Amino acid sequence: MAPYSSEPTADSDSFTYGSTRLTSFLFPLPPIPVIVSEWASLLPLIFHLTDGYSAHHIVGDVSLRGKLRLGILPRLGILRNLARLLEFHFEFLDLATTGAISQTVYDANWGSVFPAANGAACYRLTSFLAAQAGPVKHLPDFVKPLCQANQSTSTSKSSLEPNAVPLQERETPKDRSQPWRRYQILTITHFRRTSDQQCDAGSKSPALATWRSGIHAALLVALAFCLIAMGGYGSAATLLLSVAITAVVRFTRVKVVRPPGYMLNNEGTNGCMLVAAHQNSNVWHLFCGDRGVIDTLLNKPMIAFEHNTQVLAKWLHLAHIAQVLCMTYVASQKGFDGIFLLSIMLAERSLEWYSGGERLAKKWLRDNGTELSTHAFRFTGRTPLVGTVQVMSETPASAWMDTILIPSTRRELWLKRLECLRAHVHCSTHADCFERSQDGDKKWLDLNTRLVQEAVSFVKPYLG
């Protein structure tokens, strides 16, 4: 069969060779139904356009991987954003801290509030931690009044001590009407370093990495020629473009490296940082433990580049244009070319799903010698959650909670009570202030102090 066929068939209205009617010169394939041709050719382009990979995602993935990963069929926009990352460096990293899944960090030890650095790296890790936390442990809705609790507790011991009665053994009144609650989920993760060595991707054996890259390129070229032999010219061009991009990356010797101070603790103390989408969130994550790990993930840049990146940046801009041309050609050509490209896209997405997400976060922790323990708890409201974090922090700094709980007189008195709880001392020095408070404030102080007291006694045994 000739490469160009214009012979009409009886079923020409229902079957097609494609818009240009280009067919294989070596392995001729039969015409396919028009509906299958149209559907298969549009799906790759639609998936790429609706599933945009923003700068936020790209910086997060590069930060966790420690290398540039382009894949066989990168999403539309990845090449352009990678070019901008190589071209503008830290300016691009600053812009990538905002996005649809950007998160806010509240440093409970130092009182500062800032957006999480490194793009979507924090989001990837928190998603992994939520899956590792197990069932959510519920804290009680009701607690004894503070006066009754003080009578039932020895003056020489605090309910914050490990031998206090655990919450799961306390009964919640069932005959009382249940008030409306806006429950808050707090996932507490404790990080600890087991090794000071970091594994840089590809640095263990450069020869092995080069060998694997060569085999990968040879397989893609062979597959591209097979597609050409079957008439999949647009799909073959997409594969050859992927090989060319990988070759240019290796030729320019651009390498992602970890910056000085990576994973180092500059303060000498543990970290305690609360992470959420915003100050009115329902789901929160508390990172505590080794400050080097926490500060690196949330506050410091995790990547830097060796060698001149401008040449590669310009090439990636051109590659982005070439990728758009290849995909739009396949969408207009249709036929088996669309089916081939759809198959390539599904294979690439499967590989990306397997190596990304939770596996990527777990690999980053393992490569950097970091272990963790994580548990999820359900609080009755935001106030006891914030108070629990304040007690678990190592300093009395409270400026971090100003946008969550607006400063007020009763908040200041409540914080003084929490400071007494942290120090395991009686709050008699503030009794006069409490007596002068209004009845509503007294109830609020009593309730939220007890909720925090109970929550801390319940949470601490899980953290070891």
>> Checking H278 against (1) within 30 Å of L49 (Cα to Cα); (2) in a strand (DSSP E or B): exactly one of these is not met. Which one?
In response: (2)
> Could we say that A236 is surrounded by 21 or more Cβ atoms within 10 Å (Cβ to Cβ) and in contact with a Leu (Cβ under 7 Å, 6 or more places away or on another chain) here?
Replying inline: yes
>> When you scan the stretch 450-457, do you find a residue that is modelled with pLDDT of 85 or more and surrounded by fewer than 18 Cβ atoms within 10 Å (Cβ to Cβ), even just one?
In response: no
> How many residues does the stretch 351-385 contain that are small (G, A, S), out of contact with any Ser or Thr (no Cβ under 7 Å at 6 or more places or on another chain) and more than 26 Å from Q184 (Cα to Cα)?
Replying inline: 2
> Just to be sure, is A83 modelled with pLDDT of 90 or more, of a type outside the set (S, T, N, Q) and part of a helix (DSSP H, G or I)?
Replying inline: yes
> For H307, are the conditions met, namely being surrounded by fewer than 22 Cβ atoms within 10 Å (Cβ to Cβ) and more than 30 Å from G381 (Cα to Cα)?
Replying inline: yes
>> Scan the stretch 49-66 and tell me whether some residue there is touching a Leu at 6+ places or on another chain (Cβ under 6 Å) and over 27 Å from Q279 (Cα atoms).
In response: no
>> When you scan the stretch 43-60, do you find a residue that is farther than 28 Å from F305 by Cα, buried (at least 23 other Cβ atoms within 10 Å of the Cβ) and touching a helix residue (DSSP H, G or I) at 6+ places or on another chain (Cβ under 7 Å), even just one?
In response: yes
> When you look at L68, is it in contact (Cβ under 8 Å) with a residue 24 or more places away in the chain and over 26 Å from G369 (Cα atoms), yes or no?
Replying inline: no
>> Which pairs turn up if I take residues in the stretch 357-377 that are among the small types (G, A, S) and look for partners that are in a strand (DSSP E or B) and crowded, with 21+ Cβ neighbours inside 10 Å with beta carbon separation below 8 Å, at least 6 apart in sequence or on another chain?
In response: S373/T189; A376/L186; A376/I188
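The values are calculated or read from the model by the stated rules, or taken from the named source; none is laboratory data. Just so it is clear, the structure is predicted and the values come from calculations on it, not from any experiment. Backbone-built Cβ (ideal geometry, glycine too); neighbour counts: all protein chains shown.
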